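Read the structure below first, then the notes.
The values are calculated or read from the model by the stated rules, or taken from the named source; none is laboratory data. Here the structure is a predicted model, which means the values were calculated and not measured. Accessible surface areas use protein heavy atoms only, side chains included; no ligands, DNA or RNA. Shrake-Rupley method; radii C 1.70, N 1.55, O 1.52, S 1.80 Å.
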Amino acid sequence: PFDSASSFVSDSNYPSEGRGVPSMLSRMVQTSVQLYTRVQDLFLPTPERAHYVFTTRHLATVFRQLCLNLPPTAGSHDVLLLWQQENWRVHTGGMGSEADRERCWEVLCHAYRKHFNGHPMLETLMTQQSTKLPQQTVQNLRTKLLQEMEEHNETNPTLQLDLYEHTVEEVGRICHVISSPHELGHLLLIGHACPDPIVKLAALHVGYTVVQPSHFATEQLLGGAG
């Protein structure tokens, strides 16, 4: 994912920003690696939080989302803001307490101070950006999704999903990814950790069809069972 990020956010994308882009990318990678290793050390799994397992998959996800969600015309300011939000969302998305999230934010700020010292965006990065959609946007999206589910269920197998606020936000995020201008963006849903109904609803909202290969088709694709 780091090579992909480097090729996407390059001098050719930002000719007016010149040689500062490779330096910015280096700072981003170093910061994310420091955050990942520190979070891995601090937040160990316990019986109460057995899901607190941080792997290089989290690190890869930050840069994968960065590459998939930014249009080619985005400036370095947009790159840094989205990267900041993905660092926060990916590492704290499963944290069950505000205390853990605050501790993670302290770790992230320490990494920003270390690797972005003297950078004009340091103050912005140190200001925690909300990853939540505006309340009115959530409400409008929920209304639209309910209508689409009702229409879908009239002629198709029933799609049932409780549209809590965090569910609507996750559907919105997936819709944004699969509507990305990058031609492979929709393939991100393969192996997605979200519950199946969330993926189906997101696909329905943006006009895609979910295809789930059968066991037989998968064996054929892999060259047979032996």
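Short version: ³J(HN,Hα) in whole Hz for each residue of region 30-39, in order, from phi by Karplus 6.51 cos²θ - 1.76 cosθ + 1.60 (θ = phi - 60°), x for Gly and Pro, what are they?
4, 5, 5, 5, 5, 4, 4, 5, 6, 5
Just the number, please: carbon plus sulfur as a percent of the accessible area of region 27-151, 1.4 Å probe, no ligands or DNA/RNA counted.
Numbers: 3420 of 6550 Å².
About 52 percent, which is the carbon plus sulfur part of the accessible surface.
Expressed in nm², what is the orientationally averaged projection area of the convex hull enclosing the Cα positions of region 29-135?
Numbers: hull surface 29.7 nm².
Its average projected convex-hull area is 7.4 nm².
Convert each backbone phi in region 45-50 into a coupling constant with the Karplus relation 6.51 cos²θ - 1.76 cosθ + 1.60 (shift: θ = phi - 60°), then list the ³J(HN,Hα) values in order as whole Hz, x for Gly and Pro.
x, 10, x, 7, 9, 5
Keeping all protein chains in position, work out how much accessible area D162 exposes to a 1.4 Å probe, and write it in Å² to the nearest 10.
100
Multiplying the sequence separation of W105 and D162 by 0.36 nm and subtracting their Cα-Cα distance, what value in nm do you get?
Working: separation 57, 0.36 × 57 = 20.52 nm, distance 3.00 nm.
Result: 17.5 nm gained on full extension.
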